[in-house]
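Enquirer: Just dropping this structure here.
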């Protein structure tokens, strides 16, 4: 096998972008052989060499693909992902891997079953931001101990501004039945994944925020959360789709210094201020009452831009399948971001502090009730054929 | 009356700094006529023209002063402040005006009673940071509506690094009996006052943090808090005395843009990014799904430095007494910072969301129990004559 034949399921949004990159040859050794969408209109532009399906089951069983990329509304990441894995296909799922921890467990179980049949099967999540050299450098500095033990972190990631027009563009968007959440489920899986990749899993979460605070939607469009960690460290995470101009500023402080990533309208900057001596030692040993450790402003050379992103993840997926390369974003790690998102959603709606690991069944039931009791009528610019509500309200 | 004769009560710490400024003529029309300290050693350096007292009651009743400045450990701000006001003296208290909302109410009641006898009596809090042109400009921009309605704010104020030597320098420091708290009571009253001055009073608070997390103390040396506001806005406040290098970054976002104050080892900066149109209108009216309002980077001219600070507050106090000028920091506003601090302390110790206004008696009782049940033995470099514990444990 010298190339990976891939089928893309869902080409209404991100899927069409992925298809374009493959068709333009940006992902060597990956060939687009099939696409699938419930709306045939969306598949009209593809060359006739590419087989079209309206049902994912048929694409998966067509024999035309070695792998699939699932870019449907989120609930289908689980169901279609399971079907693909059960049929022995290498699988990439868009983020989030699932809407709930409960669903993510089912999906990962399917992967574990598939692994028993084929130890070389690859299962990857579209966490493209893991290819960003800035986050990679932060991860490296933390892993190498340059920052010392992490004590506090704070991520303000409010540059996910969206208009009503955005929410109207899909009947499923920002509904409990169709999407299962708002900004935490759609925009933030990247950031939540990176946050746990950099700082680890929290042991407890408390969140405030709002449902439809800035938009005519029923799900959360703002979340402000505090994280506790087993180590005693604290964290904080702020996001919304209602703020302009937004901020993307991630500060991570350890006893050896602090890292500040700031991505704004005026550029990207990674600041590393290092203590000359460990803050803990300084606290104990220095006789000055108001003394502080001497600091170094460390200039870290970094390339411009944000790395290979979606292309990088697909290239890595191909390399994993064909060359046995290590995955940048193994999908089974995706359950972590799902669990943290669920914990924040549950906390902000119930005003309770949520301990992790969370009981997956509790949030699953809570969400099912939100779906069942929803009276919200979503305004949409789509045709009626895209009202997916019935598909999920089970 | 063409000058204000002032007595300073407590010259072990901040009080000696205030005395120095007055003696060097930095506060025109203010004359230091008396000082008071329970430790006579601390008064040795003062000229014999300045009368020395070991008891505040005697200074207050000496007839030598028109006004007092109370710079004792915090619990005495209340008791000595009340005594001074009851005796008709103009009064400045160091921050916090009291340790608890309960005490602050008693102090303010004494001021209201004094006002009935003398409508020109002045009562001022040492919120010197209100003279900083950066905070003044932020206040102005918010009040003038330049920022629109505030939606979210975030203050990371972790540049209050302190060593063990600092905490050992006073037997009262960071004990429940002697100080009534840690970083929220000693270092942060400035920031909490400014925060409420800029963004208003929260309606609920939730906090995490630690007691003696980075130091050998029994009170809080870290606090991470979320604020809810009646308007629907959210806020967040992060502080600690254990972090180096610390951060002082205050971001306030409204529907017309955002203000970011950043005071770091590499300078001070106030950034104002303004939306060309209101974000709320843009959300509703723009047809682009991923469109964002155009922004202006507004350059705000500001003087270097941080303003007149302690000298400014004392000058203003003199001007209020002699010329009827408006106080920059009326002490009765100081109860707001006290209440917010109490709410954060209570929340971080009980893991409860605290609604404001708080029941003053509840926290008062909680703190009395902490004092009563404390088994903590404070290490101190002071002589035994400064162990004030007995004075407060009533």
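Enquirer: Quick one: which of B:148, B:88, B:63 is within 14 Å of chain A (Cβ to nearest Cβ) and at pLDDT 95 or above?
Expert: One residue alone meets the criteria, B:148.
Enquirer: Do you know which residues across segment A:310-334 are more than 15 Å from the chain's Cα centre (by Cα) and either under 16 Å from residue A:123 (Cβ atoms) or not in a helix (DSSP H, G or I) (or both)?
Expert: Selection gives A:314, A:316, A:317, A:318, A:319, A:320, A:321, A:322, A:324, A:325, A:326, A:327.
Enquirer: Scan (1) free of Cβ contacts under 8 Å to residues at least 40 places away in the same chain; (2) closer than 20 Å to residue B:29 by Cα for the single condition residue B:309 breaks and write down its number.
Expert: With (1) free of Cβ contacts under 8 Å to residues at least 40 places away in the same chain; (2) closer than 20 Å to residue B:29 by Cα applied to residue B:309, the lone miss is (1).
Enquirer: Additional query: Go through segment B:276-301 and give me each residue that's free of Cβ contacts under 8 Å to residues at least 60 places away in the same chain and more than 15 Å from residue B:256 (Cα to Cα).
Expert: Matches in segment B:276-301: B:285, B:286, B:287, B:288, B:289, B:290, B:291, B:299, B:301.
Enquirer: Determine if segment B:49-58 includes at least one residue that is under 22 Å from the mean Cα position of the chain (by Cα) and free of Cβ contacts under 8 Å to residues at least 24 places away in the same chain.
Expert: No, segment B:49-58 contains no residue that is under 22 Å from the mean Cα position of the chain (by Cα) and free of Cβ contacts under 8 Å to residues at least 24 places away in the same chain.
Enquirer: Can you find even one residue in segment A:301-316 that is in contact with a helix residue (DSSP H, G or I) (Cβ under 8 Å, 6 or more places away or on another chain) and farther than 25 Å from residue A:20 by Cα?
Expert: yes
Enquirer: Take the conditions in a loop (DSSP other than H, G, I, E, B) and crowded, with 16+ Cβ neighbours inside 10 Å and apply them to residue B:307. Does it pass?
Expert: Yes: the conditions hold for residue B:307.
Enquirer: From (1) modelled with pLDDT of 95 or more; (2) facing chain A (nearest Cβ under 9 Å); (3) more than 19 Å from the chain's Cα centre (by Cα), pick out the condition that doesn't hold for residue B:240.
Expert: (3)
Enquirer: Additional query: In segment A:62-103, which residues are free of Cβ contacts under 8 Å to residues at least 12 places away in the same chain and part of a helix (DSSP H, G or I)?
Expert: A:79
Enquirer: How many residues does segment B:14-46 hold that are free of Cβ contacts under 8 Å to residues at least 24 places away in the same chain and assigned to a loop (DSSP other than H, G, I, E, B)?
Expert: Total meeting the criteria: 4.
Enquirer: Only one of B:179, B:218, B:222 is over 19 Å from the mean Cα position of the chain (by Cα) and either over 21 Å from residue B:138 (Cα atoms) or at the interface with another protein chain (Cβ under 8 Å from one of its Cβ atoms) (or both). Can you tell me which?
Expert: B:218 is the lone residue from the list that is over 19 Å from the mean Cα position of the chain (by Cα) and either over 21 Å from residue B:138 (Cα atoms) or at the interface with another protein chain (Cβ under 8 Å from one of its Cβ atoms) (or both).
Enquirer: Of the residues B:141, B:147, which single one is under 25 Å from residue A:222 (Cα atoms), out of contact with any helix residue (DSSP H, G or I) (no Cβ under 9 Å at 6 or more places or on another chain) and surrounded by fewer than 24 Cβ atoms within 10 Å (Cβ to Cβ)?
Expert: When all the criteria are applied, what remains is B:141.
Enquirer: Could you please find all residues in segment A:246-265 being modelled with pLDDT under 95 and within 7 Å of chain B (Cβ to nearest Cβ)?
Expert: A:265
Quick grid of which residues meet (1) surrounded by fewer than 20 Cβ atoms within 10 Å (Cβ to Cβ); (2) in a helix (DSSP H, G or I):
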| site | (1), (2) |
| --- | --- |
| A:336 | no, yes |
| A:339 | no, yes |
| A:342 | no, yes |
| A:347 | no, yes |
| A:357 | yes, no |
| A:361 | yes, yes |
| A:366 | yes, yes |
| A:369 | yes, yes |
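Enquirer: Residues to consider are A:174, A:110, A:114, A:165; find the one that is over 27 Å from residue A:250 (Cβ atoms) and within 14 Å of chain B (Cβ to nearest Cβ).
Expert: When all the criteria are applied, what remains is A:165.
Enquirer: Those residues that are in a loop (DSSP other than H, G, I, E, B), buried (at least 16 other Cβ atoms within 10 Å of the Cβ) and under 35 Å from the mean Cα position of the chain (by Cα), I need them from segment B:263-299; list them, please.
Expert: Across segment B:263-299, the qualifying residue is only B:278.
Enquirer: In the list A:98, A:153, which residue meets the criterion of being buried (at least 17 other Cβ atoms within 10 Å of the Cβ) and under 30 Å from residue B:157 (Cα atoms)?
Expert: A:153
Enquirer: State all residues of segment B:277-293 that are more than 8 Å from chain A (Cβ to nearest Cβ) and within 10 Å of residue A:244 (Cβ to Cβ); if no residue qualifies, say none.
Expert: The answer is B:277, B:278.
Enquirer: Can you tell which of B:147, B:115 is touching a strand residue (DSSP E or B) at 6+ places or on another chain (Cβ under 9 Å) and more than 28 Å from residue B:226 (Cβ to Cβ)?
Expert: The unique qualifying residue is B:115.
Enquirer: Moving on. With A:176, A:172 as the choices, which residue is at pLDDT below 95 and over 30 Å from residue B:295 (Cβ atoms)?
Expert: A:172
Enquirer: Within segment B:330-355, take every residue that is in contact with a strand residue (DSSP E or B) (Cβ under 7 Å, 6 or more places away or on another chain) and within 14 Å of another protein chain (Cβ to nearest Cβ) and give me the one that is nearest to residue B:203 (Cα to Cα).
Expert: Among those residues, the one meeting the criterion is B:355.
Enquirer: So is residue B:321 away from chain A (no Cβ under 12 Å), in contact with a strand residue (DSSP E or B) (Cβ under 7 Å, 6 or more places away or on another chain) and closer than 30 Å to residue B:32 by Cβ or not?
Expert: yes
The values are calculated or read from the model by the stated rules, or taken from the named source; none is laboratory data. Quick caveat: nothing in here was measured; it's all calculated off a predicted structure. Cβ: placed from backbone, ideal geometry, glycine included. Neighbour counts: every protein chain shown.
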